[in-house]
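Notes to accompany the following structure.
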Amino acid sequence: MSQDIAAQLTALWQGVLLGAAMGLLYDFFRVLRARIKLPFLGPALDILFWCAVTAALFVWSQWIWGGVVRLYGAVLCFGGGAVYFWLFSPWFLRLGWLCADLAAIFWRILTMPWKAGVLLLQKCKEFLISLFLFRRKWYKIKRITQEMEQVDRRRKQREGRGRKHEAETGQFFN
């Protein structure tokens, strides 16, 4: 079971590059978590990250060593991730923040007609509600006015055939 030096160097560089790819995936998920405010997104991204890392390490170990999972493969991936975070992570994070900001601007431009339509519908709804309330108030005022006119007509009819009120006769009473 001997391996030549070239195969071992290939496995070394593949492990380092796999670790760097895992670090890049972690930074991508970090940007997503910071920009998208959903309550369960953080734990879901953590589970997705660890499932992807485990599957990648397992498939890579199966492919490079023919079915034997070796501990130093995980160490190589860890070292590749450390090198990535030490050298490249700040630049890729800046690029990720920039891409996230551009995607947010693009998303706002795409959803602008939708938001305008929702705002227009909301204004129409408020107008219709105020119109309905105005009509209801108008109906109540009209009904009350009619009732008051009927009461006034009845009072005038009673006064016309009966006696006058004491205040109208000029007599004062206790």
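The values are calculated or read from the model by the stated rules, or taken from the named source; none is laboratory data. In this text, all values refer to a predicted model and were calculated from it rather than measured experimentally. Counting neighbours? That spans all protein chains shown, and the Cβs are built from the backbone with ideal geometry, glycine included. For the accessible areas, the whole protein counts, side chains as well, though only heavy atoms, and no ligand, DNA or RNA atoms are used. Shrake-Rupley method; radii C 1.70, N 1.55, O 1.52, S 1.80 Å.
Some observations on this one:
- Scanning the stretch 96-134 for residues that are open to solvent by less than 90 Å² (accessible area, probe 1.4 Å) and touching a helix residue (DSSP H, G or I) at 6+ places or on another chain (Cβ under 9 Å) returns Gly96, Trp97, Cys99, Ala100, Asp101, Ala103, Ala104.
- The set of residues from the stretch 3-23 being closer than 30 Å to Trp97 by Cβ and crowded, with 17+ Cβ neighbours inside 10 Å comprises Gln14, Gly15, Val16, Leu18, Gly19, Ala20, Ala21, Met22, Gly23.
- For Phe29, the test of being exposed (fewer than 14 other Cβ atoms within 10 Å of the Cβ) and among the hydrophobic types (A, V, I, L, M, F, W, C) is failed.
Yes/no matrix, rows are residues, columns are (1) in a helix (DSSP H, G or I); (2) free of Cβ contacts under 8 Å to residues at least 24 places away in the same chain; (3) not aromatic (Phe, Trp, Tyr):
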position	(1), (2), (3)
Cys77	yes, no, yes
Gly81	yes, no, yes
Ile105	yes, yes, yes
Leu110	yes, yes, yes
Leu120	yes, yes, yes
Phe127	yes, yes, no
Leu133	yes, yes, yes
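- Here Ala52 meets the list (1) farther than 16 Å from Leu76 by Cα; (2) in a helix (DSSP H, G or I); (3) among the aliphatic types (A, V, I, L, M); (4) open to solvent by 60 Å² or more (accessible area, probe 1.4 Å) almost entirely, failing just condition (4).
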